[in-house]
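Chemist: Got a structure for you, written out below as structure tokens; questions coming shortly.
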Amino acid sequence: MTTKMKKCIIIDDELMSRTVMTELISTKPELHLVGDFPDAIEALKYLNHNEVDLIFLDIHLPNFNGFDFINTINQTINVILVTSDKNFAIEAFEYNCIVDYLVKPITPERFDKAMARLKEFEGNQKKKKTSQTKEDDIESSNASEFYINNSKRLIKIDVNTILYFRANGDYVFIKTESNSYTIHNTLRKIENKLPKDSFFKVHRSYIINTKKIVDIEDNSVLIGKDVIPISRRNKSELMKRVHLL
Amino acid sequence: MKKRLAPRFTSKCLKNMEQPNIEYFEKLSNNNVSFKQKLIDIVKYEFPLELSDYESLIKNDKLKEASEIVHKLKHKIGVLGMTNSYVLAETFEHSLRDGGTENQAEFESVLRTVKAFIDQL
């Protein structure tokens, strides 16, 4: 079985550190170094257009420290801190994405240990993800009603009365047969909680109740009195769900 | 008032001081001569720049900024195997961060030792 190579980058303002890290990374066949950056801003620009699996990150960076950087990327990528400062170790482990904390100068033996920790860390992440998916499935299959937080009031909504959901920035607009609500949430989170047999994401901004479809025409669907766009990518899947005579 | 660099230590003090070495470079390069030379070239390039920044910041009493440079110099001291001097650099770095200059003379003596070593590499 082949192991997927992990794309990684180095962010460190010292050339010496970047050179040492590059050498240590080159000894590990599971790692593929795709870039090294002397400052966090350059790295952020790179991450806007490229995906990586792991970041070797210095804490002391010009203008922008390592923790600011982690907060900016929302802890979405695993990080190994590489620093000459032992004082941030406690703070570091408050971040779920931090795998290890290496104090410079780094020896090959200590780097090996970090790689072993990375393997264990990724294993735990995988287990967590699997159990979360199971929980989501249970949650979605049992939901026939749910509560929404609307102006500090919890309002019960019968799932069968929902016509559609529409994303609007950090908010989601919910249209039911008799009402409409706007809540602070994301379409993705809501999608996970809906029964999969009757709700379908027809467009990146819309989830519809397929039982409420009035008609489908070209790249749109009529739900109640509202016309909802269907993305080209999702149309064939929607057509499979409707019972065509 | 602008800060002066700490007075030089006597030659006797320097004689007893921990001496730098390139064992770390040898270990990392694993008999790869060109990589070892690359590391030496980097330390020869980065150390004088950091030393010059440090001297200028201290002269201008910019202690907090100087602590950031000491942080980098500390790494150079570390890669040159000076474990006791590394601890001293760390103490001095924290002292600068808090606005103090304790251990300045000792730290600058370490810098001179490192510079002399690097110059003959």
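The values are calculated or read from the model by the stated rules, or taken from the named source; none is laboratory data. Keep in mind that this is a model prediction, so the values were computed, not measured. With ideal geometry, Cβ positions are generated from the backbone for all residues, glycine too; neighbour counts draw on all protein chains shown.
Chemist: So A:Ile80 fits all but one of (1) over 14 Å from A:Tyr101 (Cα atoms); (2) in contact with a Lys or Arg (Cβ under 9 Å, 6 or more places away or on another chain); what number is the exception?
Modeler: Among (1) over 14 Å from A:Tyr101 (Cα atoms); (2) in contact with a Lys or Arg (Cβ under 9 Å, 6 or more places away or on another chain), A:Ile80 violates only (1).
Chemist: When you look at A:Glu135, is it surrounded by fewer than 14 Cβ atoms within 10 Å (Cβ to Cβ), more than 25 Å from A:Lys212 (Cα to Cα) and at pLDDT 90 or above, yes or no?
Modeler: It is false that A:Glu135 is surrounded by fewer than 14 Cβ atoms within 10 Å (Cβ to Cβ), more than 25 Å from A:Lys212 (Cα to Cα) and at pLDDT 90 or above.
Chemist: May I ask you to list the residues in the stretch A:1-42 that are closer than 22 Å to A:Ile73 by Cα, among the basic types (Lys, Arg) and within 22 Å of the chain's Cα centre (by Cα)?
Modeler: The answer is A:Lys6, A:Lys7.
Chemist: Go through the stretch A:86-132 residue by residue and tally those that are of a type in the set (Phe, Trp, Tyr) and either touching a Phe, Trp or Tyr at 6+ places or on another chain (Cβ under 9 Å) or under 17 Å from A:His60 (Cα atoms) (or both).
Modeler: So the answer is 4.
Chemist: Okay, moving on. So in the stretch A:151-197, with the set limited to residues that are small (Gly, Ala, Ser) and at pLDDT 85 or above, which one is surrounded by the most Cβ atoms within 10 Å (Cβ to Cβ)?
Modeler: Looking at residues that are small (Gly, Ala, Ser) and at pLDDT 85 or above, I get A:Ala167.
Chemist: Select the helices (runs of 4 or more DSSP H) contained entirely in the stretch B:28-117, then report the ones holding at least 1 residues which are within 11 Å of chain A (Cβ to nearest Cβ) and touching a Pro at 6+ places or on another chain (Cβ under 6 Å).
Modeler: B:63-79
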